[in-house]
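Written out below as structure tokens is the structure these notes cover.
Read the figures in this text as sums done on the coordinates, not as results from a lab. Only a predicted model underlies this, so the values are computations on that prediction, with no experimental measurement involved. Note that we place each Cβ from the backbone using ideal geometry, even for glycine, and neighbour counts take in every protein chain shown.
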Amino acid sequence: MRKAGDKRVKRQNNVKNGKPAQSILLKVDPNQNAEEISVEKHYSVPELAELWQLSEKTIRRIFENESGVIVWGVGETRFKRRYRTLRIPASVVERVHQLLRIAS
């Protein structure tokens, strides 16, 4: 039973015209200013793969869950694979490179 003042929010389905809508996910590093992130160079997966001489698949695996990486695309459905685009800020590239150098 609903009480007076009880507000219910209708959940919107993330679908437009029968297709999933694109979503954008930004994993933010709490130590970095948002203004700094927006101005610095952002690398695409092919650019970084060429710089580091690794495959695009390897670059995606390394940076997919890193904080500070911008990820957007359409999620996976039953009949279609997911499409995701990554943009990797230079500060994240430097941080991961340092971690990989220390680990080796």
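Quick one: 3J(HN,Hα) in Hz for region 44-52, Karplus 6.51/-1.76/1.60 with θ = phi - 60°, rounded, Gly and Pro as x.
Result, ordered by residue: 8, 4, x, 4, 5, 4, 5, 4, 8 Hz.
Going 7 Å from the Cα of Glu56 along its beta-carbon direction, which residues of region 68-104 have the amide nitrogen within less than 11 Å of the resulting point?
Within reach of a label on Glu56, which here means backbone N under 11 Å from a point 7 Å along Cα→Cβ, region 68-104 contributes 84-86.
Using 1/(1 + (r/R0)^6) with R0 = 25 angstrom and r between the beta carbons of Glu76 and Gln98, what's the FRET efficiency to the nearest 0.05?
Working: r = 33 Å, r/R0 = 1.30.
The calculated FRET efficiency here is 0.15.
Name the residues whose placed amide hydrogens come within less than 5 Å of the amide hydrogen of Tyr43, ignoring near sequence neighbours (fewer than 5 apart) on the same chain.
Counting only residues 5 or more places away or on other chains, the set is Ile88, Ala90.
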